[in-house]
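Below you'll find the structure, written out as structure tokens, and then a few comments.
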Amino acid sequence: MLDKKITTNTTPAPVDADYVYNNDNFDSVAEAKEVAERCTTAGATLAKVMYNPFALNQPSAERAYADVETIKPRSRDQYVDMFRKTEERTARATLKMCRVVYEAKQSLAEHDFADFCTAIGHKDKSSVIRKYCAIGKLQPRLVKHAEYLPHEWSKIYTITQIPARQFDNYVESGYDFRKLKGKELTDLLEATRQEKQIDKLLPRDKDSQHFVFAKIMFTKSFVDVFDWRMTRKALAEVESRLPIRVQFVAEADRAYEWTKANRFNAAKQNAWEVEFNPSKWDYGVDPIADAPADAAETVVVQAEVQEVPQS
């Protein structure tokens, strides 16, 4: 009976002491009041417990929920046909989406188009918007062959980059663009690649946005940490002479620091009673201690100043 009166809302209702006394086995009303107050306080505490979505070891939605839908059995050919039709509808929807972006690009003012891109979760200068517009431009031609197109927009964009004449040949012959892949697709894309300056061809680093043009590799294994230190010094000399920046792998830096620290600790352990024992250090002899008493006196040398006659 007591559990029915306890709530865990944001503002928990107080438990009625008289109700507790009349419906539960308590010796006195005072004891019932104490239990009622304790239950009300517990309800207020439980109401403040917040769910942490980032806590570890939580079950995923896939594992937490069972499939409650009833699946109607079909044949293999029926499933293939359903998949193909769904793929076609997805391709048509992708083409329509890209056409909307293309028409917005052509119709809106520059600042309005920038706001439009922000509203759909992209930047107006991003590569995604540029590719959407490329697909949208060819949407009237592509939509006629949607059943032969892949449903991913990235693959549809790749098809728009093949030579125009070959694209027309594929369209006229009813070619299945989903089969266009591998070396054939790579060679077609190379045929339309324009000659550009080297800075247009080089990729950029994601963090610094600098041009990446080389990869440095060791052809032999390290002997010890001195190899790593000398390599860093040599590359630092190259950096000082050329407009380049050498960025070392973080794992290699950590391994170097770990190895250096181990060598240092091993050296201390091996030379514990030799180099690192101050009682055996040779500090030399103070020269003033063995010198005669006369030599300890301060000698003042006076220099005569001669006047130079003016001519």
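The values are calculated or read from the model by the stated rules, or taken from the named source; none is laboratory data. On a predicted model such as this, the values are computed, not experimentally measured, just so you know. Methodologically, a virtual Cβ is constructed for each residue, glycine included, from the backbone with ideal geometry; neighbour enumeration extends over all protein chains shown. SASA here: full protein model, heavy atoms, side chains in, ligands and nucleic acids out. Shrake-Rupley method; radii C 1.70, N 1.55, O 1.52, S 1.80 Å.
Can you work out which of the residues in region 207-234 that are part of a loop (DSSP other than H, G, I, E, B) and of a type in the set (F, W, Y) is most open to solvent (accessible area, probe 1.4 Å)?
Only one residue tops the list, namely F213.
Kindly check whether there is at least one residue in region 235-244 that is open to solvent by less than 100 Å² (accessible area, probe 1.4 Å), at pLDDT below 80 and either assigned to a loop (DSSP other than H, G, I, E, B) or under 30 Å from E88 (Cα atoms) (or both).
Quick first cut of region 235-244, residues open to solvent by less than 100 Å² (accessible area, probe 1.4 Å) only: 235-240, 242, 244.
Restricting the remaining residues to those that are at pLDDT below 80 gives none.
Checked region 235-244: no residue is open to solvent by less than 100 Å² (accessible area, probe 1.4 Å), at pLDDT below 80 and either assigned to a loop (DSSP other than H, G, I, E, B) or under 30 Å from E88 (Cα atoms) (or both).
Can you confirm whether region 249-256 contains a residue that is open to solvent by 100 Å² or more (accessible area, probe 1.4 Å), modelled with pLDDT under 80, more than 30 Å from Y148 (Cβ to Cβ) and of a type outside the set (S, T, N, Q)? Among the residues of region 249-256, not one is open to solvent by 100 Å² or more (accessible area, probe 1.4 Å), modelled with pLDDT under 80, more than 30 Å from Y148 (Cβ to Cβ) and of a type outside the set (S, T, N, Q), which makes the answer no.
Determine, yes or no, whether K131 is closer than 14 Å to L95 by Cα and free of Cβ contacts under 8 Å to residues at least 24 places away in the same chain. Can you show your working first?
On the way: closer than 14 Å to L95 by Cα: yes; free of Cβ contacts under 8 Å to residues at least 24 places away in the same chain: no.
Criteria not met by K131.
Please count how many residues of region 97-115 are more than 29 Å from the chain's Cα centre (by Cα) and open to solvent by 40 Å² or more (accessible area, probe 1.4 Å). The number of residues fulfilling the criteria is 12. Counting residues in region 180-194 that are of a type in the set (D, E, K, R), open to solvent by less than 60 Å² (accessible area, probe 1.4 Å) and either in contact with a Lys or Arg (Cβ under 9 Å, 6 or more places away or on another chain) or over 30 Å from K85 (Cα atoms) (or both) gives zero.
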